[in-house]
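The values are calculated or read from the model by the stated rules, or taken from the named source; none is laboratory data. Computed from a predicted model, the values in this text were never measured in an experiment. Here Cβ is always computed from backbone atoms with ideal geometry, including for glycine, and neighbour counts include all displayed protein chains. Note: areas computed on protein heavy atoms with side chains; ligands, DNA, RNA excluded. Shrake-Rupley method; radii C 1.70, N 1.55, O 1.52, S 1.80 Å.
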Amino acid sequence: MKATLDGLLRVLENRTRRRILERLARESHYPLQLSRELGVSQQAVVKHLRSLEEVGLVTSTEEKSDLGGPNRRAYRATERFSLQIDVGPRLFHAEMRPLGHIPSKVGE
């Protein structure tokens, strides 16, 4: 799904989602990692990740566990965009400019 201005504003209004997205923009994370880093329950992190995934800002892949346990789901940011909002007397302008897609795999 392609991110829209309204979708972005809806998900980015939440500070926890912005903090999650900030970390995923740097590197992929597992929900448990994000939970520990942010001091938020893993259940809440998963809920926020779903919201970010619905508007196309993040994607997930299933990875084998290093410890031989069940597979884990890793999340990473997928969209690059600039969001600009100008507000003032007789002025309101909101614009989202895509900056290009980040490939999910090397060579894509």
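Between residues in region 1-18 that are among the β-branched types (Val, Ile, Thr) and residues that are at pLDDT 90 or above and part of a helix (DSSP H, G or I), which pairs lie under 6 Å by C-beta distance while being six or more apart or on different chains?
Note: pairs meeting the criteria are Val11/Arg17; Val11/Ser51; Val11/Leu52; Thr16/His48.
Name the residues in region 1-15 that are exposed (fewer than 15 other Cβ atoms within 10 Å of the Cβ) and either at pLDDT 95 or above or not hydroxyl-bearing (Ser, Thr, Tyr) (or both), would you?
Met1, Lys2, Leu5, Asp6, Leu9, Arg10, Glu13, Asn14, Arg15
Just the residues that are open to solvent by less than 40 Å² (accessible area, probe 1.4 Å) and assigned to a loop (DSSP other than H, G, I, E, B), please, taken from region 47-67.
Val55, Gly56, Leu57, Ser65
When you scan region 32-44, do you find a residue that is touching a residue at least 12 places away in the same chain (Cβ under 8 Å), of a type in the set (Val, Ile, Thr) and assigned to a loop (DSSP other than H, G, I, E, B), even just one?
yes
In region 64-108, what residues are modelled with pLDDT under 85 and among the acidic types (Asp, Glu)?
Scanning region 64-108 gives Asp66, Glu79, Glu108.
What number of residues within region 32-46 are surrounded by 14 or more Cβ atoms within 10 Å (Cβ to Cβ) and either acidic (Asp, Glu) or farther than 10 Å from Ile20 by Cα (or both)?
Here the count works out to 5.
Which ones in region 1-36 are charged (D, E, K, R) and in contact with a His (Cβ under 8 Å, 6 or more places away or on another chain)?
Arg17, Arg23 - these are the residues of region 1-36 that are charged (D, E, K, R) and in contact with a His (Cβ under 8 Å, 6 or more places away or on another chain).
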